[in-house]
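Chemist: One structure, pasted below without further comment.
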Amino acid sequence: MQVHGETVFITGGASGLGAATAKLFASHGADVGILDRNEEGGRAVAAETGARFLSCDVASGESLEEAFSELVATIGPPRVAIACAGIGAGKQVVGRHGPHSLDLFEKVVAVNLVGLFNFVRLAAWAMHDLEPVGDDDERGVIITTASIAATDGVDGGVAYSASKGGVRGMTLPLARDLAPYGIRAVSISPGSFDTPLVAGMPQEYTDAMAATTPFPPRFGKGEEFAALCAHIVSNTMLNGVDIRLDGAMRMTPSRLR
């Protein structure tokens, strides 16, 4: 499938990986719709790219469904759906003042996993009766964002790893469920990327994180994630797989660093 002229929906498109992806796809001639709760960032990316921005909370089923429907009514159903919205959390299961907060765990899972699946199911339904395109009669592509933390999770990251493990784990079943409709499903597991999730960390810690990537020894760039998304869209044989984008990084427990 070609990016040019297609409609692309992106959650989390107001910043970080999602914003970089929105900018790249718009520059390639796609009609981009952004779904995000960050109104300031969303409007800025929309103004820069010509994308359509709608504010919503992906953790709220009602909010996402309403915004999704409005976006379909405005620019049409998506051929490509990219789920980038996500939050992080760092907390030990047993802390100084008690056990891990259940509310925090539920919040992370609600955004990173439940909200993502809600977006996926809405996108799949919107795609399933589109006119097929290309030699393979393809109707759509769904790209989700997992993380290397799904398999390499470290201490203090149980909620995040659980949510991203769910995203990674649903990839192959999604592809099999959607294959009869000509819809592909691929997930990406980024390593350490320069995103708002790491922006608030101490410089010493982020420098150490970047140095653990064998090559290149730095944080990944949003443009590199976006470029992989564009390749997935164009390569029909990519389906039902999780792709690590990590510079050969493998996370280790912090006490061993």
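No lab work stands behind these numbers, since they all come straight from the coordinates. These numbers come from a predicted model, not from an experiment. Neighbour counts run over all protein chains shown; Cβ positions are idealised from the backbone, glycine included.
Chemist: Contact order normalised by length for the chain, with contacts defined as Cα pairs under 8 Å and 6 or more residues apart; what percent is it?
Modeler: 20 percent
Chemist: How many lysine pairs does the range 7-245 hold where the Cα atoms are under 25 Å apart and the two sit 8 or more places apart or on different chains?
Modeler: 6
Chemist: While we're here: Enumerate the calculated ³J(HN,Hα) couplings along the range 5-12 in order (Karplus 6.51 cos²θ - 1.76 cosθ + 1.60, θ = phi - 60°), each rounded to whole Hz, writing x wherever the residue is Gly or Pro.
Modeler: Computed from phi, the couplings for the range 5-12 are x, 8, 9, 10, 9, 9, 7, x Hz.
Chemist: Sticking with this one: Collect residues whose amide H, placed 1.01 Å from N in the peptide plane, falls under 5 Å from the amide H of residue 31; neighbours closer than 5 in sequence don't count.
Modeler: 5, 6, 7, 8
Chemist: Follow-up question, since we're still on this one. Give the long-range amide H neighbours of residue 141: residues separated by 5 or more places, or on another chain, with amide H under 5 Å away, using H modelled in the peptide plane at 1.01 Å from N.
Modeler: 80, 81, 184
Chemist: Quick one: dipole size for the chain, taken about the Cα centre, charges +1 on Lys/Arg Cβ and -1 on Asp/Glu Cβ, in debye to the nearest 20.
Modeler: The dipole of the chain has a size of about 880 debye.
Chemist: Another question, then. Taking amide H positions as placed 1.01 Å from N in the peptide plane, with prolines and chain starts having none, which residues 5 or more places from residue 87, or on another chain, fall under 5 Å of its amide H?
Modeler: 112
Chemist: Looking at the square roots a ≥ b ≥ c of the eigenvalues of the Cα gyration tensor of the chain, which shape do they give, rounded for a/c under 1.5, prolate if a/b is larger than b/c, or oblate?
Modeler: It comes out prolate by the Cα gyration axes.
Chemist: Could you please rank 232, 75, 10, 87, placing first whichever residue has the fewest other Cβ atoms within 10 Å of its Cβ? Provide the component values of the computation, followed by the final result.
Modeler: Numbers: 232 23, 75 16, 10 31, 87 19.
Exposure proxy ranking, most exposed first: 75, 87, 232, 10.
Chemist: To two decimal places, what compactness ratio does the range 28-164 give when its Cα radius of gyration is scaled by 2.2 N^0.38 Å?
Modeler: The reported ratio for this selection is 1.21.
Chemist: Here's a follow-up. What list of ³J(HN,Hα) couplings, whole Hz, do you get for the range 68-74 from phi and the Karplus terms 6.51, -1.76, 1.60, once you set θ to phi - 60° and write x for glycine and proline?
Modeler: 4, 4, 5, 5, 4, 5, 8
Chemist: Here is a further query. List, in order, the whole-Hz ³J(HN,Hα) value for each residue of the range 97-102 obtained from phi through the Karplus relation with A = 6.51, B = -1.76, C = 1.60 and θ = phi - 60°; use x for Gly and Pro.
Modeler: 10, x, x, 3, 5, 5
Chemist: Give the separation of the Cα centroids, the range 1-70 to the range 208-252, in Å.
Modeler: Answer, in whole Å: 21.
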